[in-house]
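These notes are about the structure you will find just below.
The values are calculated or read from the model by the stated rules, or taken from the named source; none is laboratory data. Computed from a predicted model, the values in this text were never measured in an experiment. Backbone-built Cβ (ideal geometry, glycine too); neighbour counts: all protein chains shown. In case anyone asks, the SASA skips ligands and DNA or RNA and just uses the protein heavy atoms, side chains included. Shrake-Rupley method; radii C 1.70, N 1.55, O 1.52, S 1.80 Å.
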Amino acid sequence: MDISSVLESAKLDRELLSAPRARISAAAYSRMWVALADLMDDEFFGLDSHGLRRGSYALMTRAAVNADNLEHALRRILRFLHATLDDFRGELVRSADEARLTLHDGGVLRRLFGYGTWFILVHGLACWLVHRRIPLREMQFRCPPPGDDSHYRTRFCENVKFGGDTTHIIFASDLLDLKIAESPETVDNFLRAAPANLLVKYRNDASTSAQVRNRLRSQMPDAWPEMEKLAQELSVSGTTLQRRLQQEGMSYQRVKDDLRRDIAIDLLSSASLTVAEVAARIGFQETSAFHRAFKKWTGVSPGAYRASPPTRE
């Protein structure tokens with residue numbers, strides 16, 4: 001398919017497709033998601049041999065919102081997806097202490113993106129239905145780990161495993177008794193905000209790196225404290241903060257670099273600022289130093305992130 005229209009709708013430069021370290025804003029990703037689903041007439045992006053026709057997610061949402069509680073809604077969601085997809089089948093098993101939602105794949109190892117997208121659709125809808133995040137105790141995939149699993153830990157939970165026997169999530173079983181907090185009257189607003197709300201609203205903010213990031217996000221980069229000072233603000237020692245970040249595969253410097261990168265991408269994508277002004281906003285005194293750092297972070301120049309339609313080839 002010719003994806004020029006998708007890139008144009010999302011205001012993404014074609015150069016980003018070949019940059020392995022590239023990141024885009026959640027807003028741009030949401031625009032791309034919608035445009036691609038429209039182009040393919042498939043809300044599951046060809047990841048299943050049957051596909052999920054445009055409008056299916058809206059129908060599933062309207063079916064789930066009339067359920068009695070979360071367990072009832074999830075079982076409706078799973079029946080709907082089983083009726084519309086051929087290669088993926090979800091199974092919910094409840095025990096005294098935990099609920100396990102397993103995603104069966106017919107014994108064929110699927111793309112990690114397929115498993116992840118399925119869980120974003122299901123978990124995101126479930127969170128909206130009860131008007132709160134459903135915290136996950138564990139997430140496991142049958143696939144091998146990707147080069148960078150930070151997106152899965154940020155979106156779902158810190159305890160993400162790869163190369164397992166099954167693909168599943170586990171959460172507290174008493175959450176299944178939660179009453180549905182939404183109504184048929186609120187569905188339209190939810191669907192208008194999707195999928196951006198599925199991507200960021202119900203993400204995992206319990207990790208140490210997320211707490212550090214949130215604290216820094218409220219300040220200008222040139223005011224970011226040293227790690228010892230930040231540790232005091234979080235009521236832990238510097239050594240403890242460093243150890244917790246290391247357990248998550250992070251460091252304080254990497255959190256700061258990632259946040260600078262993401263702020264820069266957001267400003268370049270959505271604000272009418274010059275590259276020099278963006279550089280100054282995130283703490284670079286020299287624009288040339290910002291260019292070098294941005295290329296190192298993403299693999300492309302700041303110009304690739306300008307909010308303008310890509311050049312057609």
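Computed values, structure above
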item: Unmet requirement for residue 12, which otherwise passes all of (1) assigned to a loop (DSSP other than H, G, I, E, B); (2) open to solvent by 50 Å² or more (accessible area, probe 1.4 Å); (3) more than 29 Å from residue 132 (Cα to Cα); result: (2)
item: Qualifying residue in region 250-260 (condition: farther than 22 Å from residue 29 by Cα, open to solvent by less than 60 Å² (accessible area, probe 1.4 Å) and at pLDDT below 90); result: yes
item: Single residue of 290, 284, 294 found to be under 24 Å from the mean Cα position of the chain (by Cα) and at pLDDT 90 or above; result: 294
item: Residue 114 open to solvent by less than 70 Å² (accessible area, probe 1.4 Å) and on the phi > 0 side of the Ramachandran plot; result: no
item: Filtered residue count, region 288-305, keeping only those that are open to solvent by less than 50 Å² (accessible area, probe 1.4 Å) and in a helix (DSSP H, G or I); result: 10
item: Given (1) in contact with a Pro (Cβ under 8 Å, 6 or more places away or on another chain); (2) over 30 Å from residue 119 (Cβ atoms), index of the condition residue 267 fails; result: (1)
item: Condition met for residue 98 (free of Cβ contacts under 8 Å to residues at least 40 places away in the same chain, surrounded by fewer than 20 Cβ atoms within 10 Å (Cβ to Cβ) and among the charged types (D, E, K, R)); result: no
item: Residue 21 being basic (Lys, Arg) and in contact with a Pro (Cβ under 7 Å, 6 or more places away or on another chain); result: no
item: Criterion (modelled with pLDDT under 95, touching a helix residue (DSSP H, G or I) at 6+ places or on another chain (Cβ under 9 Å) and open to solvent by 30 Å² or more (accessible area, probe 1.4 Å)) met by exactly one of 144, 135; result: 135
item: Search result, residues across region 31-84 that are of a type in the set (Lys, Arg) and either closer than 28 Å to residue 99 by Cα or in contact with a strand residue (DSSP E or B) (Cβ under 8 Å, 6 or more places away or on another chain) (or both); result: 62, 75, 76, 79
item: When residues of region 162-176 are limited to those that are closer than 16 Å to residue 107 by Cα and in contact (Cβ under 8 Å) with a residue 60 or more places away in the chain, the one farthest from the chain's Cα centre (by Cα); result: 166
item: The one condition in (1) open to solvent by 30 Å² or more (accessible area, probe 1.4 Å); (2) among the small types (Gly, Ala, Ser); (3) at pLDDT 90 or above that residue 264 fails to fulfil; result: (1)
item: Output for region 208-257, where each listed residue is over 27 Å from the mean Cα position of the chain (by Cα) and among the polar types (S, T, N, Q); result: 232, 235, 237, 239, 240
item: Identity of the residue in region 24-78, of a type in the set (Val, Ile, Thr) and closer than 22 Å to residue 112 by Cα, that ends up nearest to the chain's Cα centre (by Cα); result: 24
item: Residue list for region 17-43, restricted to those being open to solvent by 40 Å² or more (accessible area, probe 1.4 Å) and without any contact (Cβ under 8 Å) to a residue 40 or more places away in the chain; result: 17, 18, 31, 32, 36, 38, 39, 40, 41
item: Subset of region 282-302 [farther than 19 Å from residue 226 by Cα and in contact (Cβ under 8 Å) with a residue 60 or more places away in the chain]; result: 297, 298, 299, 300
item: Yes/no for residue 188 being closer than 28 Å to residue 244 by Cβ and either among the charged types (D, E, K, R) or within 22 Å of the chain's Cα centre (by Cα) (or both); result: no
